[in-house]
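Each value in this text was obtained by applying a stated rule to the coordinates, not by laboratory testing. Since the model is a prediction, treat every value here as computed from it, not as a measurement. Cβ: placed from backbone, ideal geometry, glycine included. Neighbour counts: every protein chain shown.
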Amino acid sequence: MIGVAVIALVLIFVPAHHQSAGFVFTGTYNSTGFGFLPYVLLIGLLMAQYTYTGYDASAHMSEETHRAQVSAPRGMVWSIIISVIAGWVLLLAVTFAIQNYKAELNSATGVPPFQIFIDSVGAKLATLLEVVVIGAQFWCGMCSVTANSRMIYAFSRDGAVPGSNFWHRISPRTRTPTHSVWLAAAAAFVLGLPYLWSPTAYFAVTSIAVIGLYIAYVAPIYLRIRQGPAFQPGPWHLGRWGRPIGIIAVIWVLIITILFILPEVSPVTATTFNYAPLAVGVVLLYAWGYWMVSARKWFKGPKVQGSEEELLAIERELDRAAGAAEAA
């Protein structure tokens with residue numbers, strides 16, 4: 001949040017020239033190769049979907065969270081509200097600071113936003129702003145590793161991952177699932193390698209990630225809607241707005257999932273083809289095959305592994321940490 005404020009304030013007050021409101025809010029540039037503007041606008045909306053992911057981290061960290069029944073769902077909602085406000089401010093600041101759209105789009109740096117910084121505030125100050133951006137990306141990556149490792153830990157504890165006994169172990173020194181952390185980091189590293197050779201492969205990976213996340217998000221929402229009045233809400237919920245918001249969420253995820261598997265540029269060639277549907281199909285086929293061949297015969301749902309003493313020790317440690325935080 002401080003980084004967003006710094007970038008926005010610098011881009012508001014330092015540049016000698018800003019774009020007009022007409023340029024920012026009504027200007028249209030179409031370099032996709034598609035002539036049908038509504039389709040291009042829908043593809044453009046998907047940029048937000050890359051950003052609005054990660055609020056599920058509140059759920060993945062719930063076992064390490066004080067009063068998780070309230071704190072986790074509240075964290076999800078507030079993360080969306082804060083992202084909307086901060087993201088909107090940042091987008092406006094950067095877009096108003098554009099000095100030469102075409103030149104910055106084809107910048108020699110290969111990073112148009114960085115070129116916007118350079119052109120609007122100078123190289124030295126632009127480098128400082130870029131350090132802020134890199135720092136934000138680093139912390140975002142760390143948050144992803146943290147949430148991912150907790151998912152691996154939870155699935156492993158339930159026996160749903162090959163090698164579960166190894167991945168769900170808790171480090172006696174750090175009291176964290178260290179093995180899961182390293183698996184999450186290694187898997188992310190491997191998935192990122194194709195980008196060194198093919199941007200197309202990278203875009204496919206990001207599309208797969210977003211599609212997979214939103215399918216996972218919407219599944220429990222859909223099941224909650226199906227239950228209707230039989231659903232028992234927790235202590236923190238959306239009240240009478242829960243069902244209509246849930247219905248809108250399901251419809252929206254269906255729309256964006258279709259959009260994410262459509263081609264993004266024209267003409268469609270081997271290098272511009274959207275490989276996301278093939279990759280998602282492989283993942284879904286593997287999951288279904290694993291369930292039909294093996295998992296359905298032994299997986300009985302979530303379970304808690306570990307001695308009662310270990311669970312009590314973890315609970316005491318969390319209570320002490322929560323008490324110290326409240327005292328501070």
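In table form, for the structure just shown:
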{"item": "Identity of the residue in the range 245-277, over 17 Å from L46 (Cα atoms) and without any contact (Cβ under 8 Å) to a residue 60 or more places away in the chain, that ends up surrounded by the fewest Cβ atoms within 10 Å (Cβ to Cβ)", "result": "A270"}
{"item": "Among residues of the range 163-179, those that are of a type in the set (A, V, I, L, M, F, W, C) and either over 25 Å from K300 (Cβ atoms) or crowded, with 16+ Cβ neighbours inside 10 Å (or both), counted", "result": "2"}
{"item": "The lone exception for A184 - which of (1) surrounded by fewer than 17 Cβ atoms within 10 Å (Cβ to Cβ); (2) assigned to a helix (DSSP H, G or I) it fails", "result": "(1)"}
{"item": "Check on L92, within 30 Å of A204 (Cα to Cα) and free of Cβ contacts under 8 Å to residues at least 40 places away in the same chain", "result": "no"}
{"item": "Identity of the residue in the range 149-162, closer than 17 Å to A57 by Cα and touching a residue at least 60 places away in the same chain (Cβ under 8 Å), that ends up surrounded by the fewest Cβ atoms within 10 Å (Cβ to Cβ)", "result": "M151"}
{"item": "Single unsatisfied condition, L129 versus (1) more than 15 Å from P15 (Cα to Cα); (2) in contact with a Phe, Trp or Tyr (Cβ under 7 Å, 6 or more places away or on another chain); (3) aliphatic (A, V, I, L, M)", "result": "(1)"}
{"item": "Test for A16: is it assigned to a loop (DSSP other than H, G, I, E, B) and of a type outside the set (F, W, Y)", "result": "yes"}
